[in-house]
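Participant: One structure follows; several queries about it will come next.
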Amino acid sequence: MYSLKQKILLSLLAGVAFGCAITPKRQWRVLETIGEIWSDSDNKLGKEINNLNRSKLIKKITAKDGTSTIKLTEKGKLLATEYCFLKNLKIRDKKWDGRWRILIFDVPEKLRKGRNALRWKIRKLGFCELQKSVFVIPYECKKEIDFIVNYFSLGLYVHYGILEIIGEDVNSRLKKVFKLE
């Protein structure tokens with residue numbers, strides 16, 4: 001799910017979204033999202049808030065009466081927006097133009113976490129695995145892939161291409177996988 005750091009930053013961003021929501025329906029949607037974010041919460045909240053404050057992702061302001069207010073800094077807003085965008089990233093235009101998009105990567109072992117996160121996210125986007133580090137999808141998704149690759153800092157190791165010709169057996173198998181027939 002989310003790390004505690006992500007939960008706090010996303011909740012603060014949700015506060016901004018709640019304030020900008022015009023209708024009660026949109027406000028309710030924001031509250032539902034906050035509920036989902038905190039559904040598996042634990043007791044490490046205070047410690048993580050202090051860590052976020054030290055990292056300058058939030059600013060903790062204590063009033064004279066002892067109450068505290070927490071605000072997202074610009075750095076925190078940027079990071080929370082990235083978390084939100086990455087989680088909700090989807091390929092919008094699912095029209096096949098007869099070409100296959102291929103993603104090939106060879107990420108070194110020292111960047112294993114990034115490699116695993118990349119593999120997880122592209123599977124979630126709908127890519128089909130041809131080989132261990134070769135994935136295919138029939139839809140245009142260059143912007144989405146660029147965002148993911150940049151987010152995980154894997155640009156040197158990931159290659160995106162467009163195939164117009166692919167082996168007939170692979171082509172027919174992929175058409176079945178993506179229900180293009």
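Participant: Is there a residue being surrounded by fewer than 14 Cβ atoms within 10 Å (Cβ to Cβ), farther than 20 Å from TYR151 by Cα and among the aromatic types (Phe, Trp, Tyr) anywhere in the stretch 6-21?
Facilitator: No, the stretch 6-21 has no match at all.
Participant: Residues that are exposed (fewer than 13 other Cβ atoms within 10 Å of the Cβ), farther than 25 Å from GLN6 by Cβ and of a type in the set (Lys, Arg): does the stretch 134-144 have at least one?
Facilitator: First, the residues of the stretch 134-144 that are exposed (fewer than 13 other Cβ atoms within 10 Å of the Cβ): 142-143.
Okay, now just the ones that are also farther than 25 Å from GLN6 by Cβ, so 142.
Still in the list and also of a type in the set (Lys, Arg): 142.
Yes, some residue in the stretch 134-144 is exposed (fewer than 13 other Cβ atoms within 10 Å of the Cβ), farther than 25 Å from GLN6 by Cβ and of a type in the set (Lys, Arg).
Participant: Report whether or not LYS110 is in the same structural domain as TYR139 (by TED's automatic domain parsing) and more than 24 Å from LEU125 (Cβ to Cβ).
Facilitator: Here the answer is yes, as LYS110 does meet what is asked.
Participant: With the condition kept exactly as written, say whether any residue in the stretch 76-85 is surrounded by 16 or more Cβ atoms within 10 Å (Cβ to Cβ) and at pLDDT below 80.
Facilitator: yes
Participant: Could I ask something else about it? Please verify whether the stretch 88-98 includes one or more residues that are surrounded by 12 or more Cβ atoms within 10 Å (Cβ to Cβ), without any contact (Cβ under 8 Å) to a residue 40 or more places away in the chain and within 16 Å of the chain's Cα centre (by Cα).
Facilitator: no
Participant: Any idea which of ARG101, ARG173 is over 30 Å from THR33 (Cβ atoms), crowded, with 18+ Cβ neighbours inside 10 Å and among the charged types (D, E, K, R)? Steps first, answer last, please.
Facilitator: On the way: ARG173 fails: crowded, with 18+ Cβ neighbours inside 10 Å.
Answer to the selection: ARG101.
Participant: I'd like the full set of residues that are outside any helix (DSSP H, G or I), without any contact (Cβ under 8 Å) to a residue 12 or more places away in the chain and out of contact with any helix residue (DSSP H, G or I) (no Cβ under 8 Å at 6 or more places or on another chain), limited to the stretch 110-157.
Facilitator: Once the filter is applied, which keeps residues that are outside any helix (DSSP H, G or I), without any contact (Cβ under 8 Å) to a residue 12 or more places away in the chain and out of contact with any helix residue (DSSP H, G or I) (no Cβ under 8 Å at 6 or more places or on another chain), the stretch 110-157 yields GLN131, LYS132, LEU156.
Participant: Just the residues that are small (Gly, Ala, Ser) and in a loop (DSSP other than H, G, I, E, B), please, taken from the stretch 166-181.
Facilitator: Once the filter is applied, which keeps residues that are small (Gly, Ala, Ser) and in a loop (DSSP other than H, G, I, E, B), the stretch 166-181 yields only GLY167.
Participant: Would it be correct to say that ILE70 is surrounded by 14 or more Cβ atoms within 10 Å (Cβ to Cβ) and either at pLDDT below 80 or in a loop (DSSP other than H, G, I, E, B) (or both)?
Facilitator: Details: surrounded by 14 or more Cβ atoms within 10 Å (Cβ to Cβ): yes; either at pLDDT below 80 or in a loop (DSSP other than H, G, I, E, B) (or both): no.
Taking the combined requirement at face value, the residue does not satisfy it.
The values are calculated or read from the model by the stated rules, or taken from the named source; none is laboratory data. For clarity, every value in this text was computed on a predicted model and none was experimentally measured. Quick reminder, even Gly has a Cβ in these numbers, built from the backbone with ideal geometry, and neighbours come from all protein chains shown.
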